[in-house]
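What follows is a short report on a single structure.
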Amino acid sequence: MTISPTSQLNAFAQDVLDGLSRPVRQLSSKWFYDEQGTRLFKDIMRCPEYYLTEAESRIYRQCVPNLLDALNAPAFDLIELGAGDGTKTQILIEQFLTAGVQFSYRPIDLSETALSELGTLIKLRWPTLDFNPIQADYFEALDRLGAATGGRPRLVLFPGANIGNFSPSEAVGTLKRLRSFLNPGDLLFTGFDLKKDPGVVLAAYNDVGGITAAFNLNLLARINRELEGDFALDCWRHWETYDPASGAARSFLLPVESQQVHLRALNRKFSFRAWEPIAVEISQKYNLREIEGMADAAGFTFLHHVSDDRQWFTNSLWRV
Ligand code: AVI
């Protein structure tokens, strides 16, 4: 298979080509999540060092009265951006049902596998729940949903510190765009990882089992698989940095020796010097004040934060 560099380049190929051609090489973390990457990310969420998932689950166990109070409506639409396996959301669903409110559940995810697994689970647990998944990227899905809700407010969940995988300025742009799809009175509940002991952050992205390393290296393996690349995977190392001033945790892939990589499907070769990095992910950490400033910059009204007891993670509730 040869993908023509002009017309038929798919989005992945185009992104890889652009990213590897930059003076400081870069690959987007959005490409981590092929089947293998999705499996590895599930394993990361079970790592004892990766505190984020458990912290947000604890928040979900306690935030429902706040959410219902802010919604102040007998019925609403629950929209989830990046639903994944929906484990945490089930904590919310259970409590909404116990509270006797009417709601529909619209998870949005790019992964068909994730949504169909979620569907099986939901149908089994709550067969009568109004469940309607959308397989698309966030904005395409919101566009498809349209503005008309029959007067029901929407509660949009943006879980898992996914917003941290954008730089702060990209995050504000994304949140502004998100707001443009919502109606006055709609709510956005976003998970943010908080600035904390740098040792705790670094450990979360450097688990002793090496799962994060395997997750990041899978991106090169994916290039090998899908673009007929020949990255010598054994020669690459995962490297994590954390800058406590900016709050940016960054992941890099580094070759231990110089090498030339041939992407046969693109008919392109890339030379790497030893230890020349490829930047693959930002996982931005914030403080509460910075988050409130983002709400403002994106045109939302900040309502409140629900944080875990260690103040490691927060879910911030904003209104349009
Ligand atoms: C999905 N995202 C919020 C994760 C994070 O923490 O940035 C992705 C991840 N990368 C390495 N470990 C987890």
statement: Helix 11-20 sits off the longest principal axis of the Cα atoms of the chain, rounded to the nearest 10 on a 0 to 90 degree scale, by 50
message: Between segment 139-190 and segment 35-84, what is the separation of their alpha carbon centroids in Å?
response: 15
- request: Evaluate the relative contact order of segment 60-183 (contact order divided by residue number), counting alpha-carbon pairs under 8 angstrom at least 6 apart; express in whole percent.
  value: 30
task: Would you order T120, T241, T190, T38 from fewest to most other beta-carbon atoms within 10 Å of each residue's own beta-carbon?
output: T120, T241, T38, T190
Extension gain (nm, one decimal) between L202 and L68, 0.36 nm per residue minus Cα-Cα: 44.7 nm
task: Work out, step by step, the length gained on full extension between K123 and A136: first 0.36 nm times the residue separation, then minus their alpha carbon distance; give nm to one decimal.
output: 2.6 nm
- prompt: How would you rank D309, D109, D85, going from fewest to most other Cβ atoms within 10 Å of each one's own Cβ?
  reply: D309, D85, D109
- request: Could you work out, for segment 199-320, what percent of all Cα-Cα pairs fall into each 10 Å distance bin, beginning at 0 Å and stopping at the bin that holds the largest distance?
  value: 12, 31, 25, 18, 13, 1
task: May I have the pair-distance distribution P(r) for segment 49-155, computed from all Cα-Cα distances with 10 Å bins from 0 and rounded to whole percent?
output: 14, 44, 37, 4, 0
task: Quickly work out the D296-to-D230 label distance, labels modelled 7 Å from Cα along the C-beta direction, and quote it in nm with one decimal.
output: 5.6
query: Mind checking the angle between helix 112-125 and the chain's longest principal axis? C-alpha axes, 0 to 90 degrees, to the nearest 10.
result: 30
- request: For segment 240-280 and segment 206-237, write down the distance between their C-alpha centroids in whole Å.
  value: 11
Relative contact order computed over the chain (Cα-Cα under 8 Å; 6+ residues apart), in percent: 22
- request: Go ahead and run the numbers for FRET between T241 and D15, Cβ-Cβ distance against an R0 of 30 Å, rounding to 0.05.
  value: 0.85
- prompt: Using only helices, what value at 222 nm comes out for the chain when you add -39,500 (n - 2.57) per DSSP H run of length 4 or more and divide by the total residues, to the nearest 500 deg cm²/dmol?
  reply: -11500 deg cm²/dmol
- prompt: Per residue and in cubic angstrom, what volume does the convex hull of the Cα atoms of the chain have?
  reply: 141
- line: Footprinting proxy, E49, E257, E117: sorted fewest to most Cβ within 10 Å, the residues are E257, E117, E49
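Quick note: the coordinates plus some simple rules give every number you see, no bench work behind them. Owing to the predicted nature of the structure, the values given are computational and were not obtained by experimental measurement. Positions of Cβ are generated from backbone atoms using ideal geometry, with glycine treated the same way; all protein chains shown enter the neighbour counts.
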